[in-house]
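The values are calculated or read from the model by the stated rules, or taken from the named source; none is laboratory data. These numbers were taken from a predicted model, which means no experiment stands behind them. Positions of Cβ are generated from backbone atoms using ideal geometry, with glycine treated the same way; all protein chains shown enter the neighbour counts.
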Amino acid sequence: MKHTPFPSIIFALLVVGCEGSNQQNDVTSNLTAIEQSTMAIEELNRICPDSYCQGGFGYKFEELTCTRKSCTLKFSAEKRNTQTMVEGILTLKGVGANTIVSNEDGLDYVSDAFYDAFDDELLDWEGTQI
């Protein structure tokens, strides 16, 4: 007897259809691109003392501009061991103007995709500063 994938396809469509129709779990934020950039910079600077700024650099994140496919983050960093200021620019690939902030159950937050791209690029940048 041949097995047909038909029931599985219907189940998958029902699951996707149900999730897609639930407006409370919408992952798109209604914030403008400028509001999303501002929110992301404020959040990075807020969490920095408890995370990124505990290493060899103290960071001040200053400007975030995005296209549809990538973002550019400008910042200044103080090298802790020499107390020298360094300017830096990160290009965050895979996140763009519409993926900085997500919305879940009516609450806007900086997306995991943004943090993942940021973490990768910041670690790479720090590696070039040794």
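Descriptive notes on the structure:
So that you can scan it fast, the table gives a plain yes or no per residue for (1) under 15 Å from L122 (Cβ atoms); (2) surrounded by fewer than 19 Cβ atoms within 10 Å (Cβ to Cβ); (3) of a type outside the set (S, T, Y):
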{"position": "G58", "(1), (2), (3)": "yes, yes, yes"}
{"position": "F61", "(1), (2), (3)": "yes, no, yes"}
{"position": "T72", "(1), (2), (3)": "yes, yes, no"}
{"position": "K79", "(1), (2), (3)": "yes, yes, yes"}
{"position": "T84", "(1), (2), (3)": "no, yes, no"}
{"position": "D105", "(1), (2), (3)": "no, yes, yes"}
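- Close contacts from the range 61-86, counting a first residue that is among the hydrophobic types (A, V, I, L, M, F, W, C) and a second that is in a strand (DSSP E or B) and exposed (fewer than 15 other Cβ atoms within 10 Å of the Cβ), with Cβ to Cβ under 6 Å and a gap of 6+ residues or different chains, come to F75/E62; A77/V86; M85/S76.
- Total residues in the range 96-124 satisfying the condition of being β-branched (V, I, T) and at pLDDT 90 or above: the figure is 0.
- Restricting the range 86-98 to residues that are surrounded by 13 or more Cβ atoms within 10 Å (Cβ to Cβ) and more than 14 Å from the chain's Cα centre (by Cα), the residue that is nearest to A117 (Cα to Cα): G88
Table: residues versus (1) of a type outside the set (V, I, T); (2) at pLDDT 75 or above; (3) part of a helix (DSSP H, G or I).
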{"site": "G20", "(1), (2), (3)": "yes, no, yes"}
{"site": "Q36", "(1), (2), (3)": "yes, yes, yes"}
{"site": "M39", "(1), (2), (3)": "yes, yes, yes"}
{"site": "R46", "(1), (2), (3)": "yes, yes, yes"}
{"site": "P49", "(1), (2), (3)": "yes, yes, yes"}
{"site": "E63", "(1), (2), (3)": "yes, yes, no"}
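- For the range 29-54, the candidate set comprises residues that are under 15 Å from the mean Cα position of the chain (by Cα) and small (G, A, S); within that set, the residue that is nearest to F118 (Cα to Cα) is A40.
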